[in-house]
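Worksheet: one structure, shown below.
The values are calculated or read from the model by the stated rules, or taken from the named source; none is laboratory data. In this text, all values refer to a predicted model and were calculated from it rather than measured experimentally. In this analysis, Cβ positions are derived from the backbone assuming ideal geometry, glycine residues included, and neighbour counts consider all displayed protein chains.
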């Protein structure tokens, strides 16, 4: 499948900003079954300098600064992607994946080959998923049992989050602690992803946070609205002996071609789409628009 | 001399464990013997005197250590004991070698963890020790540096262990403190014990600091002739701020805060008075995560947004590199022997404190079993507050800790609890053994690492206490390495300075320093003028006439009280009833006391003094020791008044008298201790501006409303006396005091230094020397305001100003209008100067608000 993604982030300030430094994680990385064909970022007002690098996790980081006074910052990215992911999904249902029990997984995790060594850091506490309370572990243990398949448990965890948690936008912010989300049982996609990650880590397995997009399809017979698509987030669990498997608890499904990956890290902190330091006295208003079109 | 014969040490042995002064067979070590001979010669009284001299010198020089949340005030005096710690060169050489090896090794670890991570890949170090340490900053991964060594400055805390050898107990790598204190200790000891220094072969520190300066110069990524080096401090509230200022003035580099620096076009710049100046090297005292709010801790206001990227582009060198905090990691200790084998194929030379990392099963079990006898630390928080001393914990606390360890075992290290050696401390006429820790400093040089021959020795605050920490009080010692040969000081610490920032002029003054000097001038002016005015009013309250001539007096006193409120801006004050409906005029003494003494009342004298202290303290690297002495003196004077049980008008007058004289002494010292290029000009501008503004307020309060005969006379007399101008008036006019000549003298006189015209003339001259003023023939906006004010005054006529026109009741409208216009112009001047030169007013904020516990 070929996709063209337009992502516009706009900040309106009520007082002039004299200068700003920003970091963006917007350029889609290479990932399994996904290839970036074209990419262009435009910044208004024009940035005085822009640089790009690859970070610790292999994501593309764009850094730019605007040194002239401005009242609006608008960052638009246009990407063309090839996503052929469905083919891998059958693998997940294979014995190689589903037969790994929690007990075996933990034993496999003790090995020291590079893939395992690299995955193991995703068991440790991270910036946002830190010192989570007992409620998280308890919630996780309901699905994860020593003799049960890790894949099955993870799939069930995804389903439970989908049922138990209410999608409410505006209730949580970037800095809402996991324990609060756990207790209130509501939030948005990034909260659900992080809850799942916290659960998996409490069990002792590696899990990572994936930032990306999801294509929304209009109800049959209706035309698709421009900008109706969204930034999205989901999680991935590492099943030692098999590899990484993605789950989307917001939509209760294993991501397929409609999920487009931008970047991943330990949690949201490692891959915020756009952040920055601004110098000015005013407040800002954010608006985001994402549009995903199939290229025929 | 045997110890037994020395009465000083009779009580010394009661709880003897292992003491620095003695050999294992309890005889005094040779070099200590020599020290004791010297002490014997000096005698017990002499030694007490020397200790007093040290205390006095440290206080004189304002050596302090800030203690956060200290009820006794922010700046605790630094303590240095008269008895140094002595180590023989032979033993020291071994330690030195060991420190060099350890620095080299840690440098390799640093390069590896931010590079290939072979230590993890090859199983030498468990991944959690690095990945689970909050000091491992993924943002610093794969950063390339132009310099060969990455770890440039390394401090190790050493203590003598049970086997009689010096052990490493702590590694400090991100922004180690103590070098400046060690230098200050040496310079103080050298002065007070100069006779002993002449006799004993004490290794000198000057060569080390010369090497340190070379290190900073060599660190510059740009091979320019004179790299610009700055010292980045978190600010005057930091616990070791004294040291930052001390090193800045010793090395001759500007002391800056995050706000003084800015990133543009991939380079780091210092905001100076003239504009932006490129910075090549930053010696930072700000911890890793606070250095860049863009990529690291978002809520930090101590760093510079974008700094890390400038480092990445190799356009600036930060000493030590950002990310080096990962080495402050007791989790590494158990693996150091293996790391040493791996990298160097040799054995670790310095012993380390026994440590168990709980990330390993066997170790964890041992720790859990022996929890009560161990010291437990998180691998990434090694400051005191996070350390658990098992022996001092209750069963319940131990159980909680056990649970915490089980939840996140990799995060904890347990260490053996041992009693380190003691060293003699002189206290109240006797010597006491105190536990001690020595901080050593190792720096990168052209050929390997160099070690400071000495260091900072700290001892426990009390006999028998194990904890040694400055945060908890305690005292320090000079650290003497005694060699066989006399070592000579490099002539007066002077060396060929290559850096240019220090020598260049006003243009390069960091704008924060400029701003502090400006405000220092304003506050000192405000304090002086208001102190004089308050003194005058208090004196009038105290005169017997107040009862004899009720009518005039109460009218006059009313006018003066209101002027007090207007001059100090302590509204409602005497002007109207306050919120509780109380009229201050009914109890003037109470309000006057508040205006003098209440530091929480904005505008009060005590409040101005506090602001004045703050701005001075922030620029202390510019001070001379005389200034510090007078400053301390003023503080003491004030504290004494505050501590009086019953405060009377007389006591206040007496204190104000002393305050005024000292302030004048202080102002005199400022003028001769700081150079115009260092920013004295800004101080003058602030001072003149403040004095002018207050002269205007004073004249408006006292001259605008025409009073009847006797009252007017008395008000004018009060005005002249508060302006210290009574004698000049009498000398110049030889007449009864009238309003026209008073206006003429105080406002319009071109030659009298206390007149407004004179002050504005001087202000005009001073601001024309500011960097932007000299750009073109046209005046800058702030110059225009002063020019306009000056011209208005020159064009005015005192007779006309003194007249009350027919329909104006008893108000001198022309005078009021002129003074109002002048007041507005000066306000605009102050505003525009601030905006042009000290523009730190940009508020730093985040696009996305994310508070996180990094």
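Please enumerate the residues belonging to region A:80-98 that are assigned to a strand (DSSP E or B) and over 20 Å from the mean Cα position of the chain (by Cα).
none
When residue B:570 is evaluated against the numbered criteria (1) surrounded by 15 or more Cβ atoms within 10 Å (Cβ to Cβ); (2) at pLDDT 90 or above; (3) part of a helix (DSSP H, G or I), which criterion, by number, is the only one it fails?
(3)
Go through region B:740-845 and tell me which helices (runs of 4 or more DSSP H), entirely inside it, have 1 or more residues that are within 14 Å of chain A (Cβ to nearest Cβ). I'd like the intermediate steps shown before the answer.
Details: elements: B:756-767, B:781-795, B:798-802, B:813-837.
Counting at least 1 such residues, we get B:813-837.
Which numbered condition in (1) outside any strand (DSSP E or B); (2) under 30 Å from residue B:409 (Cα atoms); (3) in contact with a helix residue (DSSP H, G or I) (Cβ under 6 Å, 6 or more places away or on another chain) is the only one that residue A:200 fails?
Failing condition for residue A:200: (3).
Give me the residue from region A:156-173 that is within 17 Å of the chain's Cα centre (by Cα) and surrounded by fewer than 17 Cβ atoms within 10 Å (Cβ to Cβ) and, out of that set, nearest to the other protein chains (Cβ to nearest Cβ).
Once the filter is applied, the top-ranked residue is A:173.
Suppose we keep only residues that are within 10 Å of chain B (Cβ to nearest Cβ) and in a helix (DSSP H, G or I) within region A:117-135. Which one would you say is nearest to residue A:203 (Cα to Cα)?
So, considering only residues that are within 10 Å of chain B (Cβ to nearest Cβ) and in a helix (DSSP H, G or I), the one nearest to residue A:203 (Cα to Cα) is A:123.
Farther than 27 Å from residue B:138 by Cβ and outside any strand (DSSP E or B): is that true of residue A:241 in this structure?
No, not satisfied.
With the structure loaded, tell me whether residue A:92 is within 30 Å of residue A:144 (Cβ to Cβ), within 12 Å of chain B (Cβ to nearest Cβ) and either in contact with a helix residue (DSSP H, G or I) (Cβ under 9 Å, 6 or more places away or on another chain) or surrounded by fewer than 15 Cβ atoms within 10 Å (Cβ to Cβ) (or both) or whether it fails that test. Give the steps one after another, and end with the answer.
On the way: within 30 Å of residue A:144 (Cβ to Cβ): yes; within 12 Å of chain B (Cβ to nearest Cβ): no; either in contact with a helix residue (DSSP H, G or I) (Cβ under 9 Å, 6 or more places away or on another chain) or surrounded by fewer than 15 Cβ atoms within 10 Å (Cβ to Cβ) (or both): yes.
Here the answer is no, as residue A:92 does not meet what is asked.
Yes/no matrix, rows are residues, columns are (1) surrounded by 22 or more Cβ atoms within 10 Å (Cβ to Cβ); (2) over 35 Å from the mean Cα position of the chain (by Cα); (3) away from chain A (no Cβ under 14 Å):
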position: B:107; (1), (2), (3): yes, no, yes
position: B:113; (1), (2), (3): yes, no, no
position: B:119; (1), (2), (3): yes, yes, no
position: B:123; (1), (2), (3): no, yes, no
position: B:126; (1), (2), (3): no, yes, no
position: B:138; (1), (2), (3): no, no, no
position: B:145; (1), (2), (3): no, no, yes
position: B:151; (1), (2), (3): yes, no, yes
position: B:158; (1), (2), (3): yes, no, yes
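Of all the residues that make up region A:256-284, how many are over 12 Å from the mean Cα position of the chain (by Cα) and surrounded by fewer than 23 Cβ atoms within 10 Å (Cβ to Cβ)?
Matching residues across region A:256-284 total 11.
Of the residues A:103, A:35, only one is modelled with pLDDT of 95 or more, outside the structural domain of residue A:276 (by TED's automatic domain parsing) and farther than 26 Å from residue A:276 by Cβ; which?
Of A:103, A:35, the one residue that is modelled with pLDDT of 95 or more, outside the structural domain of residue A:276 (by TED's automatic domain parsing) and farther than 26 Å from residue A:276 by Cβ is A:103.
Collect the residues in region B:290-336 that are away from every other protein chain (no Cβ under 14 Å), in a loop (DSSP other than H, G, I, E, B) and either within 23 Å of the chain's Cα centre (by Cα) or closer than 18 Å to residue B:135 by Cα (or both), keeping them in residue-number order.
B:320, B:321, B:322, B:328, B:329, listed by residue number.
Given the structure, is residue A:77 assigned to a strand (DSSP E or B) and within 14 Å of chain B (Cβ to nearest Cβ)?
Spelling it out, it is not the case that residue A:77 is assigned to a strand (DSSP E or B) and within 14 Å of chain B (Cβ to nearest Cβ).
Being under 27 Å from residue B:212 (Cβ atoms), crowded, with 19+ Cβ neighbours inside 10 Å and out of contact with any strand residue (DSSP E or B) (no Cβ under 7 Å at 6 or more places or on another chain) narrows it down to one residue among B:289, B:310, B:282, B:318; which is it? I'd like the intermediate steps shown before the answer.
On the way: B:310 fails: out of contact with any strand residue (DSSP E or B) (no Cβ under 7 Å at 6 or more places or on another chain); B:282 fails: out of contact with any strand residue (DSSP E or B) (no Cβ under 7 Å at 6 or more places or on another chain); B:318 fails: out of contact with any strand residue (DSSP E or B) (no Cβ under 7 Å at 6 or more places or on another chain).
None of the other options fit; the residue is B:289.
Report, by residue number, each residue of region A:36-65 that is within 11 Å of chain B (Cβ to nearest Cβ) and assigned to a strand (DSSP E or B).
A:49, A:50, A:51, A:53, A:54, A:61, A:63, A:64, A:65
Got at least one residue in region B:382-396 being under 39 Å from the mean Cα position of the chain (by Cα), in contact (Cβ under 8 Å) with a residue 12 or more places away in the chain and assigned to a strand (DSSP E or B)?
For region B:382-396, residues under 39 Å from the mean Cα position of the chain (by Cα), in contact (Cβ under 8 Å) with a residue 12 or more places away in the chain and assigned to a strand (DSSP E or B): present.
Kindly indicate whether any position in region A:263-277 is within 13 Å of chain B (Cβ to nearest Cβ), farther than 22 Å from residue A:29 by Cβ, in contact (Cβ under 8 Å) with a residue 40 or more places away in the chain and assigned to a strand (DSSP E or B).
Among the residues of region A:263-277, at least one is within 13 Å of chain B (Cβ to nearest Cβ), farther than 22 Å from residue A:29 by Cβ, in contact (Cβ under 8 Å) with a residue 40 or more places away in the chain and assigned to a strand (DSSP E or B), which makes the answer yes.
Could you tell me which residue of region B:228-242 is farthest from residue B:287 (Cα to Cα), considering only residues that are modelled with pLDDT of 90 or more and touching a helix residue (DSSP H, G or I) at 6+ places or on another chain (Cβ under 6 Å)?
Restricting to residues being modelled with pLDDT of 90 or more and touching a helix residue (DSSP H, G or I) at 6+ places or on another chain (Cβ under 6 Å), the top hit is B:229.
Going through region A:255-267 one residue at a time, which ones are in contact with a helix residue (DSSP H, G or I) (Cβ under 7 Å, 6 or more places away or on another chain) and either in the same structural domain as residue A:290 (by TED's automatic domain parsing) or modelled with pLDDT of 95 or more (or both)?
A:266, A:267
Output yes when any residue across region B:670-678 is modelled with pLDDT of 90 or more and either within 30 Å of residue B:626 (Cβ to Cβ) or outside any loop (DSSP other than H, G, I, E, B) (or both), and no when none is. If you could, list the steps in order and put the result at the bottom.
Within region B:670-678, the subset modelled with pLDDT of 90 or more is none.
No, the conditions are met nowhere in region B:670-678.
Given the residues B:652, B:667, B:693, which is the only one that is at pLDDT 90 or above and surrounded by fewer than 20 Cβ atoms within 10 Å (Cβ to Cβ)? Spell out how you get there, then give the answer.
Numbers: B:652 fails: surrounded by fewer than 20 Cβ atoms within 10 Å (Cβ to Cβ); B:693 fails: surrounded by fewer than 20 Cβ atoms within 10 Å (Cβ to Cβ).
Going through B:652, B:667, B:693 in turn, just one is at pLDDT 90 or above and surrounded by fewer than 20 Cβ atoms within 10 Å (Cβ to Cβ): B:667.
For residue B:339, only one of the following conditions fails: (1) surrounded by fewer than 19 Cβ atoms within 10 Å (Cβ to Cβ); (2) more than 14 Å from every other protein chain (Cβ to nearest Cβ). What is its number?
(1)
With surrounded by 20 or more Cβ atoms within 10 Å (Cβ to Cβ), in contact with a helix residue (DSSP H, G or I) (Cβ under 8 Å, 6 or more places away or on another chain) and closer than 30 Å to residue B:260 by Cβ as the only criterion, which of B:518, B:561 stands out?
On the way: B:561 fails: closer than 30 Å to residue B:260 by Cβ.
Being surrounded by 20 or more Cβ atoms within 10 Å (Cβ to Cβ), in contact with a helix residue (DSSP H, G or I) (Cβ under 8 Å, 6 or more places away or on another chain) and closer than 30 Å to residue B:260 by Cβ holds for just one of B:518, B:561, which is B:518.
Restricting to region A:1-33, count the residues that are surrounded by fewer than 20 Cβ atoms within 10 Å (Cβ to Cβ) and more than 14 Å from chain B (Cβ to nearest Cβ).
9
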